[in-house]
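> First the structure, which I've put down as structure tokens, then a few questions once you've had a look.
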Amino acid sequence: MKENIRNLTKKELNEAMEAMGEKAFRAKQVYEWLHVKLARSTEEMTNVSKALRAKLDENYNCDGMKIVEVQSSQIDSTKKFLLGLPDGNVIESVWMKYRDWNSVCISSQVGCKMGCRFCASTLDGCVRSLTAGEMLDEVYTIQRYTGERVSNIVVMGSGEPMDNYDNIVKFVHMISNEDGLHISQRNLTVSTCGIVPKMYDLAEEHLEITLALSLHAPTDEKRRVLMPIANKYSLKEVIGACKNYFDKTGRRITFEYALVAGNNDTDEDAAELSALIGDLNCHVNLIPVNPIKERDFKRSNLKAITRFKNKLEKNRINVTIRREMGSDIDGACGQLRRKHMEENSGC
Ligand code: SAH
């Protein structure tokens, strides 16, 4: 299969086009078509000769991702995109519009192998990692479709970004570069289930992105029930990696905590969580768990959620309850893709 041309950095595209016998300014034009004007095919590159367009198509896959389905929420302006890759796989990306900004949630892999018990994305394992160009194209496709500039990106869709480390770092560089969409790294969040060595590596990349850790439980014992990765790394190790990320980058850590009724939402859990992260410069995002039909985890009720939040606040921890967006469409990450796969395999 031909390589996605969007994988090439400006320097790499320069070199590739030089090898084709093209002048440097041509590479600049093509890069701009791809990463600023968000061209979805070489046909759109009107100031590039037909011969060069043909040469590019011959050597690279220059087409944007196929939009297989768009679900639009009737409640808010959230849109969920099912996008088709050239190898026949499909992935999900979500567009969320807030009052003063908008945000895209992208997938980093086709499926996921981390096995978190409440998550739909991991039920069939990981098919493959996405390339940097494919992650860029998730953003580009949505910006083209909505006609609105994407201001924030969260890598919180399907997949474990730290299991696709090099491509994520390349993606961050390319999306924030002034030759591309130039989205500030401060508006980028990468979420991990806690792959400790990669979190240490990320702290050395000199990036300004926010690191979000999927914590979900205040003790190793409880975390192991929800997340297999907790068998590999203890909370002590994971929190140590978060502290190091803050020390090296000065970026406040976000902790994601999915509230599951009767599982991790009691007063005792709130007290243990406060003790665990109390001395960190952090922010806690409480997510009422989004139930998936394959598992019987139930979301905590509003009273328990509010009580949990108040307990943390009493301990002077910054906390928000994640606002639910697009609750009338297949909300939980991985659900739309699964539905599509089930329908197309005749189950
Ligand atoms: N693999 C990464 C990023 C993808 S998941 C990670 O684990 O952080 C993004 C966030 O959504 C994670 O915090 C994940 O635990 C959470 N999540 C997944 N399924 C969920 C569900 N059904 N309800 C609530 N949160 C969920």
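The values are calculated or read from the model by the stated rules, or taken from the named source; none is laboratory data. Treat the numbers as computed from the prediction; the structure is a model and nothing was measured. We place every Cβ from the backbone using ideal geometry, glycine too, and count neighbours over all the protein chains shown. Keep in mind that these areas ignore ligands, DNA and RNA; they rest on the heavy atoms of the full protein, side chains included. Shrake-Rupley method; radii C 1.70, N 1.55, O 1.52, S 1.80 Å.
> Any idea how many residues of the stretch 289-331 are surrounded by 14 or more Cβ atoms within 10 Å (Cβ to Cβ) and on the phi > 0 side of the Ramachandran plot?
Selection size over the stretch 289-331: 1.
> Among Gly147, Gly133, Gly125, which is the only one that is touching a Lys or Arg at 6+ places or on another chain (Cβ under 8 Å), of a type outside the set (Asp, Glu), more than 15 Å from the ligand (Cβ to nearest atom) and modelled with pLDDT of 95 or more?
Values: Gly147 fails: touching a Lys or Arg at 6+ places or on another chain (Cβ under 8 Å); Gly125 fails: more than 15 Å from the ligand (Cβ to nearest atom).
Going through Gly147, Gly133, Gly125 in turn, just one is touching a Lys or Arg at 6+ places or on another chain (Cβ under 8 Å), of a type outside the set (Asp, Glu), more than 15 Å from the ligand (Cβ to nearest atom) and modelled with pLDDT of 95 or more: Gly133.
> In addition: Glu313 versus (1) assigned to a helix (DSSP H, G or I); (2) within 16 Å of the ligand (Cβ to nearest atom); (3) free of Cβ contacts under 8 Å to residues at least 12 places away in the same chain: which is the lone unmet condition?
All conditions pass for Glu313, except number (2).
> Do the conditions hold for Tyr233, that is, is it touching a strand residue (DSSP E or B) at 6+ places or on another chain (Cβ under 6 Å) and either within 27 Å of Val104 (Cβ to Cβ) or assigned to a loop (DSSP other than H, G, I, E, B) (or both)?
Values: touching a strand residue (DSSP E or B) at 6+ places or on another chain (Cβ under 6 Å): no; either within 27 Å of Val104 (Cβ to Cβ) or assigned to a loop (DSSP other than H, G, I, E, B) (or both): yes.
So Tyr233 does not fit the description; no.
> To continue, here is another question. Looking only at the stretch 270-278, decide whether some residue is open to solvent by less than 60 Å² (accessible area, probe 1.4 Å), under 21 Å from Met227 (Cα atoms), part of a loop (DSSP other than H, G, I, E, B) and among the small types (Gly, Ala, Ser).
No, the stretch 270-278 has no match at all.
> While we're looking at this one, here's another question. List pairs: first residue in the stretch 129-156 and in the same structural domain as Cys105 (by TED's automatic domain parsing) and more than 15 Å from Cys62 (Cβ to Cβ), second residue surrounded by fewer than 24 Cβ atoms within 10 Å (Cβ to Cβ) and among the basic types (Lys, Arg) anywhere in the structure, Cβ distance under 6 angstrom, at least six positions apart or on different chains.
Matching pairs, first to second residue: Ala132/Lys170.
> Additional query: Collect the residues in the stretch 265-281 that are at pLDDT 95 or above and more than 18 Å from Gly194 (Cα to Cα), keeping them in residue-number order.
Asp265, Thr266, Asp267, Glu268, Asp269, Ala270, Ala271, Glu272, Ser274, Ala275 - these are the residues of the stretch 265-281 that are at pLDDT 95 or above and more than 18 Å from Gly194 (Cα to Cα).
> To continue, here is another question. For the stretch 57-112: of the residues being of a type in the set (Gly, Ala, Ser) and modelled with pLDDT of 95 or more, which is surrounded by the fewest Cβ atoms within 10 Å (Cβ to Cβ)? Even if it seems obvious, please write down each step before you answer.
Step one: list which residues in the stretch 57-112 are of a type in the set (Gly, Ala, Ser), which gives 64, 72-73, 77, 84, 88, 93, 103, 107-108, 111.
If we keep only those that are modelled with pLDDT of 95 or more too, we end up with 64, 84, 88, 93, 103, 107-108, 111.
Details: Gly64: 19, Gly84: 15, Gly88: 6, Ser93: 24, Ser103: 19, Ser107: 27, Ser108: 28, Gly111: 22.
Residue satisfying both the conditions and the ranking: Gly88.
> Consider the stretch 190-205. How many of its residues are touching a residue at least 40 places away in the same chain (Cβ under 8 Å) and more than 10 Å from the ligand (Cβ to nearest atom)? Working first, answer last.
Filtering the stretch 190-205 for residues touching a residue at least 40 places away in the same chain (Cβ under 8 Å) gives 191, 193-194, 196, 199-200, 202-204.
Checking the rest, the ones that are also more than 10 Å from the ligand (Cβ to nearest atom) come to 196, 199-200, 202-204.
Adding up the residues that qualify gives 6.
> On the basis of being small (Gly, Ala, Ser) and either on the phi > 0 side of the Ramachandran plot or not assigned by TED's automatic domain parsing to the domain that holds Ile153 (or both), does Gly111 make the cut? It would help to see each step written out before you state the result.
On the way: small (Gly, Ala, Ser): yes; either on the phi > 0 side of the Ramachandran plot or not assigned by TED's automatic domain parsing to the domain that holds Ile153 (or both): yes.
Considered against the rule, which asks whether it is small (Gly, Ala, Ser) and either on the phi > 0 side of the Ramachandran plot or not assigned by TED's automatic domain parsing to the domain that holds Ile153 (or both), Gly111 comes out as yes.
> Right, another one. Within the set of pairs 6 or more residues apart or between chains, which connect a residue that is assigned by TED's automatic domain parsing to the domain that holds Asp201 and within 17 Å of Lys198 (Cα to Cα) inside the stretch 165-177 to a residue that is modelled with pLDDT of 95 or more and open to solvent by 20 Å² or more (accessible area, probe 1.4 Å) with Cβ atoms less than 7 Å apart?
Pairs that qualify, where the first residue is assigned by TED's automatic domain parsing to the domain that holds Asp201 and within 17 Å of Lys198 (Cα to Cα) and the partner is modelled with pLDDT of 95 or more and open to solvent by 20 Å² or more (accessible area, probe 1.4 Å), are Tyr165/Lys198; Tyr165/Asp201; Asn167/Ser129; Asn167/Thr131; Val169/Glu205; Val172/Gln185.
> When you go through (1) without any contact (Cβ under 8 Å) to a residue 60 or more places away in the chain; (2) within 30 Å of Ile329 (Cα to Cα) one by one for Lys55, which number turns out not to apply?
Result: Lys55 passes all but (2).
> Tally time: how many residues in the stretch 282-319 are touching a Phe, Trp or Tyr at 6+ places or on another chain (Cβ under 9 Å) and modelled with pLDDT under 95?
Number of matching residues: 8.
> For Ile253, indicate whether it is under 19 Å from the mean Cα position of the chain (by Cα), β-branched (Val, Ile, Thr) and open to solvent by 30 Å² or more (accessible area, probe 1.4 Å). If you could, list the steps in order and put the result at the bottom.
Working: under 19 Å from the mean Cα position of the chain (by Cα): yes; β-branched (Val, Ile, Thr): yes; open to solvent by 30 Å² or more (accessible area, probe 1.4 Å): no.
Answer is no for this residue.
> Among the residues of the stretch 19-65, how many are in a helix (DSSP H, G or I) and not β-branched (Val, Ile, Thr)?
Step one: list which residues in the stretch 19-65 are in a helix (DSSP H, G or I), which gives 19, 24-35, 42-44, 50-59.
Next, only the ones that are not β-branched (Val, Ile, Thr) stay: 19, 24-29, 31-35, 43-44, 50-59.
Within the stretch 19-65, residues that are in a helix (DSSP H, G or I) and not β-branched (Val, Ile, Thr) number 24.
> While we're looking at this one, here's another question. Scan the stretch 113-136 residue by residue and report those that are hydrophobic (A, V, I, L, M, F, W, C), closer than 20 Å to Ile329 by Cα and open to solvent by 10 Å² or more (accessible area, probe 1.4 Å). If you could, list the steps in order and put the result at the bottom.
Step one: of the stretch 113-136, the residues hydrophobic (A, V, I, L, M, F, W, C) are 114, 116, 118-120, 123, 126-127, 130, 132, 135-136.
Of the ones still in play, those that are also closer than 20 Å to Ile329 by Cα are 118-120, 123.
Phe118, Cys119, Leu123, listed by residue number.
> Give me a count of the residues in the stretch 151-161 that are more than 8 Å from the ligand (Cβ to nearest atom), out of contact with any Leu (no Cβ under 7 Å at 6 or more places or on another chain) and open to solvent by less than 10 Å² (accessible area, probe 1.4 Å).
Adding up the residues that qualify gives 0.
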